[in-house]
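The structure appears right after this line, and notes come after that.
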Amino acid sequence: MKGCFPPLMQFKHSFLTFGLFLLLLFISIPIFTSSHHNQTTMSSSFSNFLSFVIISVSFLPNALCRRPITSSLPHSQILHVSKSIQNTLQVLSPNIKSLQQQPLYSSSSSSSAFSISIYPRSSLVKPQHTDYTSLTLSRLARDSARVSSLNAMLQLSPTNFTYSHLKSVRTMSGPEEFQTPLISGSSQGSGEYFAGLGVGEPAKEFYMAIDTGSDINWLQCEPCDECYQQTDPIFDPSDSSTYNQLSCDSPVCSALELSGCYTDTCMYQVSYGDGSFTEGELATETVSFGDSGSFPNVAIGCGHDNEGLFTGSAGLLGLGGGSLSLPSQVKASSFSYCLVDRDSDSSSTLEFNSAGPSDSVFAPLLRNSRRDTFFYVGLEGISVGGEILQVPASIFQMDDNGRGGIIVDSGTAVTRLQSSAYNALRDTFVKYAQNLPSAGEFELFDTCFDLSAMSTANVPTVAFHFSGGRTLPLHAQNTVVPIDSSGKFCLAFAPTDEAMSIIGNVQQQGTRVSYDLTNNLVGFSRDKC
């Protein structure tokens, strides 16, 4: 029993076993007392009865262990194989929508709510690949760099040491004095989803990568000392009447983790751990959300030297939990987004102050005192095919030193689980996916299937079980993903040796994720894009 249930469950099932024994004994007494058999027969019958009870009781715990605890959930989901393969071909098509055809904003039903449109990278920037396998490889390379970046950010905050110790405002003889890290040299671009935001007065629209794992908002600015290729024209501060450089003694400048001072202008630098970085001057500017609202004096980095994995986007929208993030600066009580299929040309919205869907599955939103950027979620367990994985709940929890836990991140693609949890998920998935032909491994994916002969497939349901008793079952397309155009699909989870786990955007696709910042809740509502 110890391998199946925690202590409280062991007690409950031991009590149940004893109760069942007493019930069987009580029912059987009248049978034996009224029997007309002789003493020998009576003794033999009672002995057989006791043997039956003992055997039944001994098998009961194992039966309880094997019985799916999540019996109310569908044990499998339908994966539309043909449609997924068609999307892999479509994403490589040169028929990318013109930016002028894309609506940057969407209407809002509430005067206090505002929103902007979100697009997958591939609908705005044509992938520079001739086949889907090479596109997948580049995505996985960016994703690995992303995960390394997040863990590096957290590791910079050891126990009893906060980012306030790293703040540095110093006088510089030139803006180039920042220490810049070596870059990876990749030009494929980071951020799988872009949002259109108006910047300046008059407003000019820019497509910027959205990132719940960052706080600083920034965009590339003229004059560019070093800028990567972006889809939009580069922002020119001289064209805006509301652009205002910040001085070194401004409160916003002191809120930066790393800052410098050049001719009394606040200089910022953000490094992302994967070799990417941006640096320039910190300013305030008006940002607008179409007809749904605009906000003056939003702190934004004007990057003159930007290198690494940002190709395609004009900059980055920080949606994290820190004081300089966009939600914090516009004083949003909540925000939500829905990420469409990364291989589609459709769009959804990033919304602020709008009520989340009524059918949302809510989980506690937790914070880490060592790093206020990340949004942690209270997760108690995971089930596959209706079977709860036999891993301790503590594996998903944050300890007193801020280690561990699981975050929801828009910038990470593939969900990362600590190795023991991942191994349990993979093994249980394979057990219930015996109808799917195995196809070996692919890069970080160690469990793949050949679905080339199928138009649809039954895929075991993977579900997240949050604190408070709420459960979120994932669609099949959130569980297995194509890695080529020939029908090879892989289980879209990966192990990590780091303490922190991550719920990535593959698992979030097609689900509206709502962050209730007032009540500290994260909501998940499927099919609400």
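The values are calculated or read from the model by the stated rules, or taken from the named source; none is laboratory data. Please read all numbers here as calculations on a predicted model, not as lab measurements. As a convention, Cβ positions derive from the backbone with ideal geometry for all residues, glycine included, and neighbour counts pool all protein chains shown. All accessible areas refer to the heavy atoms of the entire protein, side chains included, with ligands and DNA or RNA removed. Shrake-Rupley method; radii C 1.70, N 1.55, O 1.52, S 1.80 Å.
Here are the numbers for the structure shown:
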{"quantity": "10 Å binning of all Cα-Cα separations within the range 353-409, expressed as whole percents from 0 upward", "calculated": "20, 41, 30, 8"}
{"quantity": "Alpha carbon convex hull of the range 408-529, volume per residue in cubic angstrom", "calculated": "129 Å³"}
{"quantity": "Amide H contacts of Gln230 (H built 1.01 Å from N, under 5 Å, at least 5 apart or other chain)", "calculated": "Gly312"}
{"quantity": "Listed residue pairs exceeding 24 Å between alpha carbons, taken from Lys83/Lys126; Lys204/Lys528; Lys83/Lys431", "calculated": "Lys204/Lys528; Lys83/Lys431"}
{"quantity": "Three principal axis lengths of the range 221-301 [C-alpha, angstrom, descending]", "calculated": "35, 32, 23"}
{"quantity": "Carbon + sulfur, % of accessible area of the range 444-529 - ligands and nucleic acids excluded, 1.4 Å", "calculated": "44 percent"}
{"quantity": "Ordering of 293-302, 207-216 by packing [mean C-beta count within 10 Å, highest first]", "calculated": "207-216, 293-302"}
{"quantity": "The range 286-328, accessible area per residue, ligands and nucleic acids excluded (1.4 Å, Å²)", "calculated": "22 Å²"}
{"quantity": "Mean-position separation - Cα centroids, the range 483-528 and the range 219-293, in angstrom", "calculated": "30 Å"}
{"quantity": "Percent of alpha-carbon pairs separated by more than 20 Å within the range 296-432", "calculated": "63 percent"}
{"quantity": "Whole-Å distance, taken between Cα centres, linking the range 331-347 and the range 118-148", "calculated": "18 Å"}
{"quantity": "Binned Cα-Cα distance frequencies in the range 193-327 - 5 Å width, integer %", "calculated": "2, 11, 22, 27, 23, 12, 3, 0"}
{"quantity": "Evaluated over the range 439-485, the Cα radius of gyration and Dmax, each in Å", "calculated": "13.5, 42"}
{"quantity": "Ranked packing of 419-429, 114-124, most packed first, by mean Cβ within 10 Å", "calculated": "114-124, 419-429"}
{"quantity": "Per-residue HN-Hα couplings for the range 200-214 [Karplus 6.51, -1.76, 1.60; θ = phi - 60°; Hz; x = Gly/Pro]", "calculated": "x, 9, x, 5, 10, 8, 9, 8, 10, 5, 8, 8, 7, x, 9"}
{"quantity": "Solution diffusion estimate, µm²/s, Stokes-Einstein, the range 314-373, Kirkwood Rh from C-alpha pairs, 20 °C, viscosity 1.002 mPa s", "calculated": "156 µm²/s"}
{"quantity": "Probe 1.4 Å, accessible area per residue of the range 376-441, Å²", "calculated": "37 Å²"}
{"quantity": "Estimated translational D of the range 252-299 in µm²/s (Stokes, Kirkwood radius over Cα pairs; 37 °C; 0.692 mPa s)", "calculated": "264 µm²/s"}
